[in-house]
Amino acid sequence: PSGSFLVHLTVCYELFQYLTIGMQASAEVFDTVSSTLTRFHQTKDKEDVFDLHRSRTLLDLELVTSAYLRLLQRHLSCRTGSLHPLRTALQGALLVFPDNPEFLNMFIELESRSHIAGRLRRYFDRAVQEAATPIPFLFAIQAEMKRLETISSQSSVAMATNLDTTKRTNGASVPYVPQTGVTHRIRSLFERGCASPAAQGCVLLWRWYMAFEMQQGNYAQAKAVFYRALQNCPWAKLLYMDAVQWFPDDLQDVLDIMVE
């Protein structure tokens with residue numbers, strides 16, 4: 001979506017101020033416009049879900065925020081300095097738009113630079129409790145996956161010299177992910193998502209969970225996840241296709257389920 005004329009005007013003015021004066025001047029433009037849009041949005045009737053003007057105002061605010069965050073991210077990537085301004089702006093944006101994939105991805109990328117995962121985990125622990133969509137669960141899992149990937153890469157040399165990095169699971173070779181505390185946290189997030197009314201109908205979540213268990217070499221657990229997924233998403237063709245790929249010995253059982 002392109003937003004209204006106000007969005008384009010604000011973005012152009014922000015860029016002009018940034019190029020001629022600096023980041024602080026650009027931030028002042030954003031603060032002025034975002035506070036005005038926020039006040040206008042709050043004065044509208046929140047119970048009227050069909051209020052077109054209110055929806056457009058919220059969309060404009062989201063687009064203006066996105067443009068400012070990208071400019072701030074670009075500014076900080078070209079200079080050495082504190083990441084506090086970007087972190088503060090992102091946290092404010094996520095308070096208003098907790099399901100925005102772009103903001104969540106920026107937040108994960110920012111916090112992944114640190115070896116301390118406390119801030120990221122505290123945010124997602126709260127976000128998944130308040131989640132109304134599957135998006136917070138998916139990005140919480142993504143954040144932990146990135147952390148697990150970092151841990152695995154740091155120990156890859158030792159694994160390459162001492163261990164085979166693949167496992168044979170039901171006759172197929174799958175990448176082996178070592179068991180760590182992060183692994184158990186990922187499984188816990190999958191379970192919380194699969195039990196949540198906001199996320200249990202998300203096919204991607206179930207497919208990801210099944211693939212994760214296969215990577216762990218837990219064939220029986222992956223198969224159990226498949227049957228649980230069918231109870232929540234019996235209409236999803238991709239689940240059956242995954243089952244054919246992961247469980248070739250149970251092809252007839254999968255076909256019988258499809259017939260039923």
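Just the protein heavy atoms count here, and of the accessible area of the chain at 1.4 Å, carbon and sulfur take up 58 percent. The 1.4 Å probe gives accessible areas that order F5, F16, largest first, as F5, F16. The length gained by stretching the chain between L255 and L19 to full extension, at 0.36 nm per residue less their Cα-Cα distance, is 78.7 nm. Placing R0 at 22 angstrom, the Cβ-Cβ distance between H53 and Q91 gives a FRET efficiency of 0.20 after rounding to 0.05.
What is the log10 of I(q)/I(0) for the range 188-239, computed with the Debye formula using one identical point scatterer on each Cα and no solvent, at q = 0.14 Å⁻¹? The calculated log intensity ratios at q = 0.14 Å⁻¹ are -0.29. Relative to the longest principal axis of the Cα atoms of the chain, the long axis of helix 23-43 makes an angle of roughly 80 degrees.
Among the GluC sites (Glu not before Pro) in the range 57-134, those located in a DSSP loop and surrounded by at most 13 other Cβ atoms within 10 Å of their own Cβ are E130. The modelled label-to-label distance for the pair R113/D99, using points 7 Å beyond Cα in the direction of Cβ, is 3.0 nm. Mean projection of the Cα convex hull over all viewing directions, computed for the chain: 17.8 nm². Between S77 and T32, the simple label model (points 7 Å from Cα in the Cβ direction) yields a spacing of 2.8 nm. With the simple spin-label model, which puts each label point 7 Å out from Cα in the Cβ direction, the Q215 to E130 separation comes to 2.9 nm.
The residues of the chain have, on average, 56 Å² of accessible surface per residue, using a 1.4 Å probe with all protein chains present.
In plain terms, the chain from T150 to S188 could stretch by 11.7 nm, reckoned as 0.36 nm per residue minus the Cα-Cα distance. Using just its DSSP H runs of length 4 or more, each adding -39500 (n - 2.57), the chain gives a mean residue ellipticity at 222 nm of -23500 deg cm²/dmol after division by all residues.
Peptide packing for 229-238, 181-190 was compared via the average number of neighbouring C-beta atoms within 10 Å per residue; ordered from the highest value, the list is 181-190, 229-238. Axis of helix 135-154 versus longest Cα principal axis of the chain: the two differ by about 70°, to the nearest ten degrees. On full extension, the segment bounded by Q245 and A224 gains 6.0 nm, given 0.36 nm per residue less the C-alpha separation. Note on the range 50-131: Cα-Cα pairs beyond 19 Å make up 41% of the total pair count. Taking the average, over residues, of other Cβ atoms within 10 Å as the packing measure, peptides 141-152, 23-34 rank 141-152, 23-34 from highest down. Every Cα-Cα pair of the range 1-104 was included, and the share exceeding 21 Å stands at 35 percent.
The values are calculated or read from the model by the stated rules, or taken from the named source; none is laboratory data. Fair warning: this is a prediction, and the values are worked out from it, not measured in the lab. Please note: Cβ atoms are built from the backbone with ideal geometry, for glycine as well, and neighbour counts cover all protein chains shown. To get the accessible areas, we keep the full protein, side chains included, count just its heavy atoms, and leave off ligands, DNA and RNA. Shrake-Rupley method; radii C 1.70, N 1.55, O 1.52, S 1.80 Å.
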